[in-house]
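Data block below; observations after.
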Amino acid sequence: MLNLTRPLAIFDLEATGINLSRDRIVEISILKLLPDGNKIWKTQLVNPEMPIPPEVSEIHGIYDADIATAPTFAELATELLKFLDGCDLGGYNSNRFDIPLLNEEFLRVDMDLQTEKRRFVDIYRIFQKMEGRDLASAYKFYCGKELINAHSAQADVQATYEVLLGQLSRYNKDLENNIEFLDGFSNDNNYVDSGRRLIEEDGIIKFSFGKHKGKPVEEVLRKWPQYYDWIMANDFLLDTKQKLRNIRLGMKFRLR
């Protein structure tokens, strides 16, 4: 049993693709683990309001006909945010895909997932640091089982949860059974945004990409203000744009 001080929501998303700024969720499955040991499941198909590419449907088994009458994310957002209230978040490769994509969906409907107030446990990062394989291999390695129905969101969530328990058992001398430790252990960098374009180093937020990589964001915005306009006009995540907007507003506020 996990040692929890507040709920942990292990979740998995199926989507129309893997582009975080353009693609949409078609299924979400969440296993909410409560500190008292109780578990609550929530699995829901989502109408992405765009076609699912056939090659993607062949992977996760969800077709346009399956989600034609499903609610949109906008219709589910309030209920989902309430379900996740007070929860830390966990998943398999969730720091790079599931959490950023979920955050983008909430931002599109003007709702705040408040990622800065949550801790993240990426079971893939733990596995990668310790062994380095995909979910099916991790499931077999830690749990001694074959993963049936891979790429079904609920099957992947159940497997991810069992893998985490297996990791805690196998690496009991290296891993602490608490979310604060696992958040730090599975986090591979101090990224400020879910798009991983802004990183904090020694208390200074810097760009982590492009021609200004490694430069303080505030310095770049002062010297080359057009760079801000370029990011805002191009295909960056809404979360990245929002974080950058907040930094610029903070600069303007200090100048008053």
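Of all the listed residues (Thr78, Thr72, Thr43), the sole one being within 28 Å of Gln242 (Cα to Cα), among the hydroxyl-bearing types (Ser, Thr, Tyr) and in contact with a strand residue (DSSP E or B) (Cβ under 6 Å, 6 or more places away or on another chain) is Thr72. Against the criterion of being in a helix (DSSP H, G or I), modelled with pLDDT of 95 or more, outside the structural domain of Asn103 (by TED's automatic domain parsing) and more than 30 Å from Leu31 (Cβ to Cβ), Lys241 qualifies. Before we move on, is Arg118 within 30 Å of Glu75 (Cα to Cα) and at pLDDT 95 or above? Yes: the conditions hold for Arg118.
Per-residue answers, yes or no, for (1) in contact (Cβ under 8 Å) with a residue 24 or more places away in the chain; (2) within 14 Å of Ser152 (Cβ to Cβ); (3) within 22 Å of the chain's Cα centre (by Cα):
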residue	(1), (2), (3)
Asp36	no, no, no
Leu45	yes, yes, yes
Pro48	yes, no, yes
Ile52	yes, no, yes
Ile59	yes, yes, yes
Ala70	yes, no, no
Phe73	yes, no, yes
Glu79	no, no, yes
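Considering the stretch 117-173, and only residues there that are of a type in the set (A, V, I, L, M, F, W, C) and out of contact with any helix residue (DSSP H, G or I) (no Cβ under 9 Å at 6 or more places or on another chain), the residue that is nearest to Pro7 (Cα to Cα) turns out to be Val157.
Mind checking whether some residue in the stretch 199-217 is touching a residue at least 12 places away in the same chain (Cβ under 8 Å) and of a type in the set (S, T, N, Q)? Yes, the conditions are met somewhere in the stretch 199-217.
From Asn38, Asn103, grab the single residue that is crowded, with 17+ Cβ neighbours inside 10 Å and modelled with pLDDT of 95 or more.
Unique residue meeting the criteria: Asn103.
The values are calculated or read from the model by the stated rules, or taken from the named source; none is laboratory data. Only a predicted model underlies this, so the values are computations on that prediction, with no experimental measurement involved. Heads up, the Cβs are rebuilt from the backbone with ideal geometry, glycines too, and the neighbour counts pull from every protein chain shown.
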